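Visitor: Have a look at this one before I ask anything.
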Amino acid sequence: MAATIIFFGFLALSFSFALASDPSPLQDFCVAGGDGNVLVNGLACKDPKSVQASDFSFSGLHMLGNTSNAVGSRVTAVNVAQIPGLNTLGISFARIDYAPAGINPPHTHPRASEILTVLEGSLEVGFVTSNPENRLITKVLQKGDVFVFPINLVHFQRNVGTSNAVALAALSSQNPGVITIANAVFGSNPDIPSDILAKAFQLHKNVVNSLQSKF
């Protein structure tokens, strides 16, 4: 009996690891964009004979992102939508530009961990652990520094320098997804009832209504 329990426990643990990231490919590549009925990671594969180098490349990460917005940052994503050849490979990339005092607001990636490298400037970065501790782990990074954000934890960056900052991020999914906390909570469609948010955040309903109007 004990051996059976150990076996099924090991089996469950194995499945949890297997499902923790994008599935491994069983062929050289599966370039997204075909018109077949068989889907891999939700995307049809092109005929391998029609695959070109352009299916595996992207140009433009040398260009400055436009940070003229409310948060003062711009994320240029390079995932399977930009590089079809990333399908089934379990990786993606992004460039983040920050104006002085600009932020990449608190958000999560539901399907990926992230490793971020500062190319220019100084960034305050951090993430919050899960309930019940909700511990903030934070650090100020300089040019050349690297920081890791564990999968699905709320995290952020802020430019604490006096000039523009640039960072590159690698993520452990071809399509990591992003949930920006403020947008999700106060900008959902349709709105989350204001009385629920008022109780959750201990705010007056008028304040909640004002926040919802901004998103």
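The values are calculated or read from the model by the stated rules, or taken from the named source; none is laboratory data. The structure presented is a predicted model; accordingly, all values stated were derived computationally and were not measured. Note that each Cβ is placed from the backbone with ideal geometry, even for glycine, and that neighbours are counted across all protein chains shown. Just so you know, the surface numbers come from the protein's heavy atoms only, side chains and all, with ligands and any DNA or RNA stripped out. Shrake-Rupley method; radii C 1.70, N 1.55, O 1.52, S 1.80 Å.
Visitor: Tell me which residues, restricted to the range 25-67, are under 21 Å from the mean Cα position of the chain (by Cα), farther than 30 Å from residue 103 by Cβ, surrounded by fewer than 14 Cβ atoms within 10 Å (Cβ to Cβ) and of a type in the set (S, T, N, Q).
Guide: Passing the criteria: only 57.
Visitor: Anything in the range 129-155 that is in a strand (DSSP E or B), in contact with a Ser or Thr (Cβ under 9 Å, 6 or more places away or on another chain) and open to solvent by 40 Å² or more (accessible area, probe 1.4 Å)? List them, or say none. Spell out how you get there, then give the answer.
Guide: Going through the range 129-155, the residues in a strand (DSSP E or B) turn out to be 136-141, 146-149, 155.
Now narrow it down to the ones that are in contact with a Ser or Thr (Cβ under 9 Å, 6 or more places away or on another chain): 136-137, 140-141, 146-149, 155.
Selection gives 136, 137, 140, 146, 148.
Visitor: So residue 168 ticks every box in (1) open to solvent by 80 Å² or more (accessible area, probe 1.4 Å); (2) more than 19 Å from residue 110 (Cβ to Cβ); (3) within 23 Å of the chain's Cα centre (by Cα) but one. Which box is left unticked?
Guide: Against the list (1) open to solvent by 80 Å² or more (accessible area, probe 1.4 Å); (2) more than 19 Å from residue 110 (Cβ to Cβ); (3) within 23 Å of the chain's Cα centre (by Cα), residue 168 comes up short only on (1).
Visitor: Which of the residues that make up the range 163-187 are in contact with a strand residue (DSSP E or B) (Cβ under 7 Å, 6 or more places away or on another chain) and of a type in the set (A, V, I, L, M, F, W, C)?
Guide: Those that are in contact with a strand residue (DSSP E or B) (Cβ under 7 Å, 6 or more places away or on another chain) and of a type in the set (A, V, I, L, M, F, W, C): 165, 166, 167, 168, 169, 170, 171, 178, 179, 181, 182.
Visitor: With the checklist (1) at pLDDT below 70; (2) within 21 Å of residue 175 (Cα to Cα); (3) within 26 Å of the chain's Cα centre (by Cα) in hand, flag the one item residue 13 doesn't pass.
Guide: (2)
Visitor: Right, another one. List every residue pair whose Cβ atoms lie under 7 Å apart, where the two residues are 6 or more positions apart in sequence or sit on different chains, the first residue falls within the range 124-152 and is touching a residue at least 40 places away in the same chain (Cβ under 8 Å) and farther than 18 Å from residue 162 by Cβ, and the second residue, located anywhere, is hydroxyl-bearing (Ser, Thr, Tyr) and surrounded by 11 or more Cβ atoms within 10 Å (Cβ to Cβ).
Guide: Pairs found: 149/113; 151/113; 152/108.
Visitor: Regarding the range 100-108, can at least one residue be identified that is buried (at least 18 other Cβ atoms within 10 Å of the Cβ) and farther than 27 Å from residue 215 by Cβ?
Guide: no
Visitor: Now for a separate question. For residue 24, which of the numbered conditions (1) at positive phi; (2) modelled with pLDDT under 80; (3) of a type in the set (Ser, Thr, Tyr) fails to hold?
Guide: (1)
Visitor: Going by what's in this entry, would residue 113 be described as open to solvent by less than 70 Å² (accessible area, probe 1.4 Å) and either over 17 Å from the mean Cα position of the chain (by Cα) or without any contact (Cβ under 8 Å) to a residue 40 or more places away in the chain (or both)? Quick ask: steps written out before the conclusion?
Guide: Working: open to solvent by less than 70 Å² (accessible area, probe 1.4 Å): yes; either over 17 Å from the mean Cα position of the chain (by Cα) or without any contact (Cβ under 8 Å) to a residue 40 or more places away in the chain (or both): no.
No, not satisfied.
Visitor: Another question about this same structure. If I filter the range 70-84 for residues that are touching a residue at least 40 places away in the same chain (Cβ under 8 Å), touching a Gly at 6+ places or on another chain (Cβ under 9 Å) and among the charged types (D, E, K, R), do I get at least one hit?
Guide: For the range 70-84, residues touching a residue at least 40 places away in the same chain (Cβ under 8 Å), touching a Gly at 6+ places or on another chain (Cβ under 9 Å) and among the charged types (D, E, K, R): absent.
Visitor: Return the pairs, sorted by first residue and then second, in which the second residue is surrounded by 15 or more Cβ atoms within 10 Å (Cβ to Cβ), the first residue lies in the range 42-60 and is touching a residue at least 60 places away in the same chain (Cβ under 8 Å), the beta carbons are less than 6 Å apart, and the residues are 6+ apart or on different chains.
Guide: none
Visitor: Please identify the pairs in which a residue from the range 177-200 that is within 30 Å of residue 80 (Cα to Cα) has its Cβ atom under 7 Å from the Cβ atom of a residue that is open to solvent by 70 Å² or more (accessible area, probe 1.4 Å) and assigned to a loop (DSSP other than H, G, I, E, B), counting only partners at least 6 apart or on another chain.
Guide: The qualifying pairs are 177/111; 182/215; 183/215; 186/215; 187/215.
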